[in-house]
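This report concerns only the one structure given below.
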Amino acid sequence: MTQTLQWFAPRRQLAPRPRLVLGIMSFVLPLLIWSLVSYVPWIWHPLVEVTEPGSVSYFKAGQRVERELFAAETAKALEAGAPQPQGTPANPVYLPAPHEVLQAFYLAFTAEPERRNEKWLHESLADSIYVIFWGFVISSIIGLPLGILCGTYDVFSRLAEPFVEFFRYLPAPAFGALAVAILGIYQAPKIAIIVIGTLFQQILVISNTTRKLDPALLEAAQTLGARRLSLLFRVVVPGIITDVYKDMRILLGWAWTYLIVAELIGTSSGITWFITQQARYKNFDNVFAAIMIIGIIGLSTDLLLAWLGRRIFPWQRAEARA
Amino acid sequence: MTRMQQFELPSYLEQSDAVRDRFARLRQRPVVLEVKGLNKDFETSHGPVTALRDISFVTHKREFVCVIGPSGCGKSTLIRILAGLETPTSGQLLLDGRAVHGPGPDRGMVFQSYTLFPWLTVKKNVMFGLERAGRGRLAAEEEAMQWIELVGLSKFARSYPHQLSGGMKQRVAIARALANQPRILLMDEPFGALDAQTRAKMQSYLMEIWKNIDITVLFITHDLDEAIYLADRILVLKAHPGEVQELIEVPVPQPRSPEQLLSPEFLATRKRLEELIHPPQDDAALSEDHLNMVRMVAVDDEVESVF
Amino acid sequence: MKTTFRTRLGSLLGAACLVLSSLAGAEPLKIGYSDWPGWVAWEVGVEKQWFKEAGVDVEFEWFDYVASMDAFAAGQLQGVGMTNGDALVTGATGARSVMVLVNDYSDGNDMVIGGPGIAGVKDLKGKKIGVEIGFVSHLLLLDALKNNGMTEADVELVNVPTNETPQVLSSGQVDAIVAWQPNSGMALKLVPGSKAIYTSADQPGLIYDVLAVSPESLAANREDWMKVLKVWYRIVAYINDPKTRGDAVKIMASRVGVPPEEYEAFIAGTKILTLEEALPHMKKGDGFKSMYGSTQIADDFNVANKVYEKPQPVDAYIDPSLMNAL
Ligand SMILES: Nc1ncnc2c1ncn2[C@@H]1O[C@H](COP(=O)(O)OP(=O)(O)O)[C@@H](O)[C@H]1O
Ligand SMILES: [Mg+2]
């Protein structure tokens, strides 16, 4: 009793076991809701999938029609003594059932490409990861140092940040045609879109994180004889690095959201183009499967990075435990 | 005003022969720090604020000076100027007779907020200044370990700051500042965040260290007992603007021990400080301090009165 | 079929950076193609390696339609699959092209679809119609109205992105929509009682789908382009031959990622032209039967809808000589 009450104490960390259980629940619950909506006929199911058109001229087997309409047509047929249409409750095509998605997921990896130059799903995925990886690396090579400089020295901040603030509102996809004109039609313009989408946010986020460094640490370092460069490299950089690392994990997630526009630029390729194409033909089981693949990749990279972070920054690991 | 008043106290100006003799010798020592006509104004949105006005004093070699004064009187501002973290509006600051500008390792600083580098172990924290001074890695390590031993934390050399208690952190901060062998150690309410017990322990530690190494200390506190217990002389500041009110020679004989806390010299000095910091004359101000309270306990409350 | 101001902006930016691609003959011809049955058909030639057999070095690059025109405008492609109307738009905003081949015309894939209770175009009077304004579906609607003695003033247009038309029709917010495949088929599936009341089959030639090539490349590599056209007619024969049609459809369907049975329907609404069928359309003339006439109508429509300002020299965009020489 008191234990459960403690669960709702603000900012109190739970014991490891309930933490694990709740973490699993966070996946099980949505899955459960999805399953209920998909498999329990009286929950939602606003449509009827026609199995037997009966005497209704415009019904076809496999067509999904609204429940009211189906009922009305059935009543009409009954009145006329004509064969009645048959059907089962159904959801709109936009919401495939879990098993359909699972099947699509499985097929996506096992179905052999039909054409010589068609790609396996994992090859498309590799294309996407290539684009994300280089887009993020290039953005970071510029954004990290610039963000740290802006957060440390007012000169850089005034020189760069007003423009960056302006530029970050410009929609990255609008630069697609320009990127293609300059960088060609293959991966380079896609990488450029990821860079444009990530870089400007990155500069601002990193510079803000840098500004959050306790100024007393800089003062202490100065009274210990640290000057200019050693202040930057021995105090600012190590002082912010764990927070910057966290920022980078979040920014990497943002980079993924730009992938879907990046892959519509130049030649069509990659996992999100697959999503776009399948959605166009309303194959939502494939769409969901691909969305899930991205989710799995995203979550596992983040977990990997979190684990790696605890290795790299030992003082942070102990901090988390303390 | 206090229960101590029933005793007949000597004047705080009365010094025993030993004490007078000691102060005479102290004044003969070379001057480490000289502050001449220091002023500091801050530009604020409500116009300029004078934080310090015409502060002058000297500190002799291996002297322990405490600065005391009401909150907001400019103690921190003063010590930050001495450390080179603020620039004075006017006035001069001489260390060993030479003017100093900006922060440097010749003036060590210990802050109330610990300011240990969280990403460095205790040992690396203490090595920080040594490495900045160009000491080689091994030499710095060896030297750092000596300072860590001095503050009794050898067992924690590989720990990270967050694994230490507040008192331990502050000992590391002291070791880190001392490792640079500064001419003067500046301390801004270093024990202000510690509980009473730890604070008493830290005071003894500090006295121990001060006795054993060649260091001059300028120590800020708002705790009167702490100031008397630690200081050779106490610089009393008054607020708005921060001015030197008096420079008191503490008549309590050295070396100090906690038993002296009830000695007549101690109590006399304490009485004087209280007079300076909480002047008795402004009764009006005092009554203003009194909260304008309405009784908010139900009339039929089980506890009629807390007395 | 599918262009608007967004494209124009894109092409403009592209054109701003346009550096005329070098005329070096060693480079392979790059052709952009996208998701329309008449262009997806190229995949058959790619899969069968007929281009190599024909001794021409081409690379087909798979694009999103708008992105393919952007890439062409930016000089990254020497040829691209477009509609005749979009060739004008791309040209007006900086990247001139020459249409050397007609792949197909839409033969039912573009539809005006009436919701329940709308039996014909005449029933549209005073009704709300969801259509992407400035696009070819708009042009189809105007044609439908004109042939039934009405004008735009007799109906109320609601600007709806084409890929959202099925949902908009099923929600009942409009009485009819105009869309092309696969959206038109989706709408028919989604809205019981809806039907196509006017389609591009009623006006064949309203929209021609073509291979447009850059004038520079055509001048420098005329022989190669001839070979590309030859392969095209080999593909058409392969699709039309009942013995091989199944294989062709399978290849095409896998390019866009749908089951072959489903894709048959899309091919059915597209009239892929043999050389004999295509040649008459390449003759000058008025009206939709002629490429020239159809393109002229598209030009008028584009100017009227402010897609671009100045009328384009339609004749310069069409070069039937390659087809004639086959
Ligand atoms: N950076 C600053 N800008 C403006 N006013 C300041 C600044 N720092 C201190 N002050 C003002 O100077 C006075 C002295 O402050 P401080 O030295 O912190 O006092 P203390 O440490 O004695 O409590 C206060 O009135 C404070 O508001
Ligand atoms: Mg202070």
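Listed values for the stretch A:35-52 are Karplus-derived 3J(HN,Hα) couplings in whole Hz (6.51 cos²θ - 1.76 cosθ + 1.60, θ = phi - 60°), namely 5, 4, 4, 7, 10, 8, x, 8, 8, 6, 6, x, 10, 10, 8, 6, 9, 9, and x replaces Gly and Pro. In this Cβ point-charge picture (+1 for Lys and Arg, -1 for Asp and Glu), chain B has a dipole of about 1780 debye about its Cα centre.
Pairs exceeding a 30 Å alpha-carbon distance, out of A:K60/C:K289; A:K190/A:K246; C:K227/C:K306: A:K60/C:K289; C:K227/C:K306.
Taking the square roots of 5 times each eigenvalue of the Cα gyration tensor of the stretch C:27-93, largest first, gives ellipsoid semi-axes of 22, 14, 9 Å. Counting only DSSP H runs of at least 4 residues, each contributing -39500 (n - 2.57), and dividing by the residue count of chain A, the helix-based mean residue ellipticity at 222 nm comes to -23000 deg cm²/dmol. Note that the stretch A:25-135 presents 62 Å² accessible area per residue, ligands and nucleic acids not counted, probe 1.4 Å.
With N as its number of residues, chain B has a Cα radius of gyration that, divided by 2.2 N^0.38 Å, comes to 1.12. In the stretch A:47-90, the alpha-carbon atoms span a convex hull of 49 Å³ per residue.
Taking all protein chains together, C:E216, A:E73 sort by accessible area into C:E216, A:E73, largest first [probe 1.4 Å].
A simple spin-label model places pseudo-atoms 7 Å from Cα toward Cβ; at B:V306 and B:R22 they are separated by 4.2 nm.
Rounded to the nearest 500, the helix-only mean residue ellipticity at 222 nm of chain B stands at -10500 deg cm²/dmol, with each DSSP H run of n ≥ 4 adding -39,500 (n - 2.57).
Of A:V155, C:V112, the residue with the largest accessible area leads and the full order is A:V155, C:V112 (1.4 Å probe).
The C-alpha atoms of chain A occupy a region whose extents along the principal axes are 99, 66, 37 Å, arranged from largest to smallest.
Exposure check, 1.4 Å probe, all protein chains in place: B:H222 carries approximately 110 Å² of accessible surface. Each label was represented as a point 7 Å from its Cα along the Cα-to-Cβ direction; for A:T110 and A:K246 these points are 4.3 nm apart.
Within the listed set C:D110, C:D143, C:D123, the Gaussian network model of chain C (springs between alpha-carbon atoms below 10 Å) gives the highest mean-square fluctuation for C:D123. The charge dipole of the protein assembly as shown, taken about its Cα centre with unit charges on the Cβ of Lys, Arg, Asp and Glu (plus for the first two, minus for the last two), comes to roughly 2520 debye. For chain B, the longest piece that avoids every one of the GluC sites (Glu not before Pro) found in DSSP loops with at most 14 other C-beta atoms within 10 Å covers B:15-301.
When every Cα-Cα distance of the stretch A:128-243 is counted in 10 angstrom steps from zero, the calculated P(r) takes the values 14, 37, 28, 15, 6, 1 percent.
The convex hull around the C-alpha trace of the stretch B:122-179, projected and averaged over every direction, spans 3.3 square nanometres. Largest to smallest in accessible area, the residues A:S35, A:S57, B:S113 fall in the order A:S57, B:S113, A:S35 (1.4 Å probe, all protein chains included). Report, in degrees rounded to the nearest 10, the 0 to 90 angle that the Cα long axis of helix A:237-262 makes with the longest principal axis of chain A. So the helix axis and the longest Cα principal axis differ by about 30 degrees. Take the Cβ atoms of B:D96 and A:A216, set R0 to 45 Å, and the FRET efficiency comes out at 0.95. Taking every Cα-Cα distance in the stretch A:163-220 and sorting them into 5 Å bins from zero, the calculated P(r) comes out as 4, 18, 20, 16, 13, 10, 7, 5, 5, 3, 1 percent.
Buried accessible surface for the A/B chain pair comes to about 1900 Å², total over both chains, computed with a 1.4 Å probe. Label zone (C:E309, point 7 Å along Cα-to-C-beta; backbone nitrogen cut-off 16 Å) within the stretch C:117-148: none.
Shown is the FRET efficiency for A:F133 and A:I182, computed with R0 = 22 Å from the Cβ-Cβ distance and rounded to the nearest 0.05: 0.60. The convex hull drawn around the Cα atoms of the protein assembly as shown, when projected onto a plane and averaged over every direction, covers 60.1 nm². Per residue, the accessible area of the stretch C:110-202 comes to 38 Å², computed with a 1.4 Å probe over protein heavy atoms only. Of the trypsin sites (Lys or Arg not before Pro) found in the stretch C:47-150, the ones in coil according to DSSP and having at most 14 other Cβ atoms within 10 Å of their Cβ are C:K125. Exposure check, 1.4 Å probe, all protein chains in place: B:K169 carries approximately 50 Å² of accessible surface. Reducing the stretch C:142-186 and the stretch A:105-180 to their Cα centroids gives an inter-centroid distance of 38 Å.
Among the GluC sites (Glu not before Pro) in the stretch C:232-326, those placed in a DSSP loop whose Cβ has at most 12 other Cβ atoms within 10 Å are C:E309. For A:I182, the accessible surface of its heavy atoms amounts to roughly 110 Å² (probe 1.4 Å, protein chains only, rounded to the nearest 10).
Full extension of the chain between A:I43 and A:A61 gives 4.2 nm of extra length, using 0.36 nm per residue less the Cα-Cα distance.
Report, in degrees rounded to the nearest 10, the 0 to 90 angle that the Cα long axis of helix B:196-212 makes with the longest principal axis of chain B. Roughly 40 degrees between the two axes.
Only Lys, Arg, Asp and Glu carry charge here, each on its Cβ (+1 for the first two, -1 for the last two); on that basis the stretch A:2-78 has a dipole of about 660 debye about its Cα centre. If you run the Gaussian network model on chain A, springs between alpha carbon atoms under 10 Å, then out of A:L204, A:L149, A:L308 the most flexible one is A:L308. Comparing C:V102, C:V58, C:V155 in a Gaussian network model of chain C where C-alpha atoms under 10 Å apart are linked, the largest mean-square fluctuation is found at C:V155. Note on the stretch A:163-304: Cα-Cα pairs beyond 27 Å make up 41% of the total pair count. Distance from the C-alpha centroid of the stretch A:31-82 to that of the stretch C:26-44: 42 Å, rounded to the whole angstrom. Out of A:H122, A:I141, A:L20, whose Cα points farthest toward the positive end of the dipole of the protein assembly as shown (charges: +1 Lys, Arg; -1 Asp, Glu; placed on Cβ)? Farthest along the dipole direction, towards plus: A:I141.
Taking max minus min of the alpha-carbon positions on each principal axis, chain C gives extents of 59, 48, 33 Å, largest first.
The Kirkwood hydrodynamic radius of the stretch C:110-202, based on inverse pair distances between different Cα atoms, is 12.4 Å.
The values are calculated or read from the model by the stated rules, or taken from the named source; none is laboratory data. Everything numeric in this text was worked out from a predicted model, so none of it was measured. Glycine also receives a Cβ, built like all others from the backbone with ideal geometry; neighbour counts cover every protein chain displayed. With ligands, DNA and RNA removed, areas are computed over all heavy atoms of the protein, side chains included. Shrake-Rupley method; radii C 1.70, N 1.55, O 1.52, S 1.80 Å.
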